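Working notes for the structure below.
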Amino acid sequence: NVSDSLFQETMNSYASVRYISRLKDYNEYTYYHSINVAIYTTLIGKWMGFSERYIKELTTAAVLHDIGKARIPNEILDKEEKLTKEECKIVKEHPLKGYLMVKDDDSFSEDIKNTILMHHERLDGSGYPQGLKDDEINYSAKIIAVVDYYDALTTNRPYRDKVSPFQAIKTFIETNLESYDLEISMTFFKNIVNCYIGEKVQLGDGRIGEILYVPPYDLIHPLIEIDGEICDLSRHEGIEIVNLV
């Protein structure tokens, strides 16, 4: 139902449906990941105050960002063990393969096509396929890079378990500040954590609590109610949220 609604609201006629349906038939995880990324991208577009026209184009790019994986062998995409160096190289071909799939399709703008090509580029030049830096990367690709990262970490995969949204943000802050656009990242994270207020969570020590408040200056240490008492995670070093319940 969510994907159907998303198609009706944001898809560019039937062209996007044609491509994403092909991906669904080929690799179901990548299909649902693409839908998740599109939903998050729509939200961040609204949170950043973009025009409805740009949000629709941005969301279309998000739905299609991984279509190149339909050209990557499933045995690699779904492999449970660590990928070999050669397999990693093959996976990294998917942005270019996706771009080549749509480059001659007049249904899509150049911005959408370039976003598919650039969504794994990083501000510090550490990304692929071209190793572009900062202003060389189009803005839509910078947005999708952030939500792509977030959804990948917070979703179970054959080779690793998902982490909580708060653990994903912690990892980002500790390791990725130079790779992603900071304004986009912080806008997304500050808003997305508020979506979890009222949710039940499990802490690393096994206790269950409910999120009451997330300080905008400390996104990884919310206030949690546990058995009628308020727990400030910033005062309990080493204890973190590991699961949503």
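The values are calculated or read from the model by the stated rules, or taken from the named source; none is laboratory data. All values derive from a computational prediction rather than experimental measurement. No Cβ is skipped: glycine too gets one built from the backbone with ideal geometry, and neighbour counts run over all protein chains shown. Quick note on the areas: whole protein, heavy atoms, side chains included, nothing else; ligands and nucleic acids left out. Shrake-Rupley method; radii C 1.70, N 1.55, O 1.52, S 1.80 Å.
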Review point. Is it fair to say residue 127 is part of a loop (DSSP other than H, G, I, E, B) and either surrounded by fewer than 15 Cβ atoms within 10 Å (Cβ to Cβ) or of a type in the set (Ser, Thr, Tyr) (or both)?
Key: no
Point to revise | Qualifying residues in region 1-37 (those that are among the small types (Gly, Ala, Ser) and at pLDDT below 60) - the one surrounded by the fewest Cβ atoms within 10 Å (Cβ to Cβ) | key: 13
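Which of the residues belonging to region 70-101 are among the aliphatic types (A, V, I, L, M) and farther than 21 Å from residue 28 by Cβ?
Step one: filter region 70-101 for residues among the aliphatic types (A, V, I, L, M), giving 70, 72, 76-77, 83, 90-91, 96, 100-101.
Matches in region 70-101: 96, 100.
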Point to revise | Cross-chain or 6+ apart pairs with Cβ under 7 Å, region 90-103 first and farther than 9 Å from residue 71 by Cβ and of a type in the set (Phe, Trp, Tyr), then at pLDDT 95 or above and not in a loop (DSSP other than H, G, I, E, B) | key: 99/113; 99/116; 99/117
Review point. Hey, any hits in region 150-171 for a residue that's without any contact (Cβ under 8 Å) to a residue 60 or more places away in the chain and under 14 Å from residue 120 (Cβ atoms)?
Key: no
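Test residue 217 against the stated conditions and say whether it is among the aromatic types (Phe, Trp, Tyr) and surrounded by 13 or more Cβ atoms within 10 Å (Cβ to Cβ).
Details: among the aromatic types (Phe, Trp, Tyr): yes; surrounded by 13 or more Cβ atoms within 10 Å (Cβ to Cβ): no.
Judged against the criteria, residue 217 is not a match.
So which of 219, 153 ends up being at pLDDT 90 or above and either within 25 Å of residue 83 (Cβ to Cβ) or among the charged types (D, E, K, R) (or both)? Write out each step before concluding.
Values: 219 fails: either within 25 Å of residue 83 (Cβ to Cβ) or among the charged types (D, E, K, R) (or both).
Step by step, each of 219, 153 is checked, and only 153 is at pLDDT 90 or above and either within 25 Å of residue 83 (Cβ to Cβ) or among the charged types (D, E, K, R) (or both).
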Practice item. Can you tell me which residue within region 81-99, out of those that are in a helix (DSSP H, G or I) and surrounded by fewer than 15 Cβ atoms within 10 Å (Cβ to Cβ), is nearest to the chain's Cα centre (by Cα)? Key: 88
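Could you please find all residues in region 155-167 being polar (S, T, N, Q) and surrounded by 19 or more Cβ atoms within 10 Å (Cβ to Cβ)?
Initial filter on region 155-167 (polar (S, T, N, Q)): 155-156, 164, 167.
Answer for region 155-167, where residues must be polar (S, T, N, Q) and surrounded by 19 or more Cβ atoms within 10 Å (Cβ to Cβ): just 164.
Among the residues of region 43-80, which ones are in a loop (DSSP other than H, G, I, E, B) and open to solvent by 20 Å² or more (accessible area, probe 1.4 Å)?
Of all residues in region 43-80, those in a loop (DSSP other than H, G, I, E, B) come to 48-51, 65-66, 72-73, 78-80.
Hits for region 43-80 are 48, 49, 50, 51, 73, 78, 79, 80.
What's the total number of residues in region 104-124 that are more than 13 Å from residue 65 (Cα to Cα) and either in a helix (DSSP H, G or I) or without any contact (Cβ under 8 Å) to a residue 12 or more places away in the chain (or both)? Working first, answer last.
Here is the first cut: in region 104-124, the residues more than 13 Å from residue 65 (Cα to Cα) are 104-107, 109-110, 122-124.
Imposing the further condition that a residue be either in a helix (DSSP H, G or I) or without any contact (Cβ under 8 Å) to a residue 12 or more places away in the chain (or both) reduces the set to 104, 106, 110.
Qualifying residue count, region 104-124: 3.
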Review point. So is residue 220 in contact (Cβ under 8 Å) with a residue 40 or more places away in the chain and either part of a strand (DSSP E or B) or closer than 27 Å to residue 54 by Cβ (or both) or not?
Key: no
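Being more than 22 Å from residue 43 (Cα to Cα) and either touching a residue at least 24 places away in the same chain (Cβ under 8 Å) or open to solvent by less than 10 Å² (accessible area, probe 1.4 Å) (or both) narrows it down to one residue among 190, 142, 200; which is it? First the steps, then the outcome.
Values: 190 fails: more than 22 Å from residue 43 (Cα to Cα); 142 fails: more than 22 Å from residue 43 (Cα to Cα).
Answer to the check: 200.
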**Study point:** Yes/no for residue 184 being open to solvent by less than 10 Å² (accessible area, probe 1.4 Å) and either in a loop (DSSP other than H, G, I, E, B) or more than 30 Å from residue 81 (Cα to Cα) (or both)
**Key:** yes
